[in-house]
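For reference, the structure discussed in these notes is given below.
The values are calculated or read from the model by the stated rules, or taken from the named source; none is laboratory data. Bear in mind that the values here come from a model prediction, so they are computed numbers and not experimental data. When we count neighbours, we look across all protein chains shown, and the Cβ atoms used for this are built from the backbone with ideal geometry, even at glycine.
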Amino acid sequence: MQQKNGTAGKKHQAASLNDGDYMDIVMINALLESMFTIFTTMVRQKIRPGVPEPKQDKIAKGAVSGLIGMKAEGACGSIALSLTPPTIREISRSMLGHEIVSIDKEAADLVGELTNMLVGGAKRILSEKGHDFDMQTPQLLLGEGHEIVHHYPGQTVLLPIQIAQEEFYIELNFV
């Protein structure tokens with residue numbers, strides 16, 4: 001394990017929610033654990049997370065997105081789940097038993113439900129580790145090229161998730 005800033009040999013101190021990138025790492029881990037649980041139990045599909053990277057713009061990678069705000073003492077931000085039409089078809093076929101082919105209310109309902117399950121699962125995981133968050137109702141965004149405007153001005157981290165031969169995306173923005 002590599003240590004930064006000459007901290008080798010110094011006593012390790014517990015990180016707080018205000019320690020820069022710490023919250024991003026904690027949230028990514030909780031979101032991944034929640035996502036794996038959802039896809040193992042409800043969707044019955046294997047997923048593979050990609051490498052998180054800074055997002056450079058506000059344009060959604062998917063055609064339907066769910067954006068939800070979270071707030072805790074010392075940290076606040078938002079999470080977006082953005083699905084492409086092929087991933088909506090793949091997930092709906094596995095989870096619902098029929099394929100959603102249009103970007104419509106049914107597609108938005110699916111993304112809204114997945115967003116609630118994802119963030120609710122992450123909230124439970126974080127609560128077990130002593131981080132209690134309040135979460136808002138998801139805002140649903142539809143259409144190719146829609147913008148995801150996170151609730152706070154911090155850097156957005158984009159996490160691609162592969163399912164079958166397709167990708168969907170989680171965006172994380174915490175300050």
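Here are a few things to note about the model shown:
- The lone exception for ASN29 - which of (1) modelled with pLDDT of 90 or more; (2) more than 23 Å from THR137 (Cβ to Cβ) it fails: (1)
- Filter pass, THR41 being in a helix (DSSP H, G or I), at negative phi and surrounded by 14 or more Cβ atoms within 10 Å (Cβ to Cβ): no
- Subset of the stretch 135-162 (residues that are closer than 16 Å to PRO86 by Cβ and under 15 Å from the mean Cα position of the chain (by Cα)): PRO160, ILE161, GLN162
- Scanning the stretch 115-152 for residues that are within 19 Å of MET42 (Cβ to Cβ) and either in a helix (DSSP H, G or I) or basic (Lys, Arg) (or both) yields THR115, ASN116, MET117, LEU118, VAL119, GLY120, GLY121, ALA122, LYS123, ARG124, ILE125.
- Only residues that are more than 19 Å from the chain's Cα centre (by Cα), closer than 15 Å to GLN45 by Cβ and in a helix (DSSP H, G or I) were counted in the stretch 96-114, giving 1.
- Top-ranked residue in the stretch 78-99 [being surrounded by fewer than 21 Cβ atoms within 10 Å (Cβ to Cβ) and without any contact (Cβ under 8 Å) to a residue 40 or more places away in the chain; ranked as nearest to GLU171 (Cα to Cα)]: PRO85
- TYR169 being among the hydroxyl-bearing types (Ser, Thr, Tyr) and within 22 Å of ALA107 (Cα to Cα): yes
- Qualifying residue in the stretch 59-67 (condition: among the small types (Gly, Ala, Ser), modelled with pLDDT of 95 or more and within 20 Å of THR37 (Cβ to Cβ)): yes
- Restricting attention to the stretch 30-58, the residues that are polar (S, T, N, Q) and free of Cβ contacts under 8 Å to residues at least 12 places away in the same chain add up to 3.
- Restricting attention to the stretch 69-87, the residues that are at pLDDT 95 or above and in a strand (DSSP E or B) total 4.
- For the criterion of being in a loop (DSSP other than H, G, I, E, B) and either touching a residue at least 24 places away in the same chain (Cβ under 8 Å) or buried (at least 19 other Cβ atoms within 10 Å of the Cβ) (or both), LYS61 passes.
- Remark: pairs (first residue in the stretch 154-175, surrounded by fewer than 19 Cβ atoms within 10 Å (Cβ to Cβ); second residue among the polar types (S, T, N, Q); Cβ separation under 6 Å; 6+ apart in sequence or on different chains) = GLY154/ASN173; GLU166/THR87.
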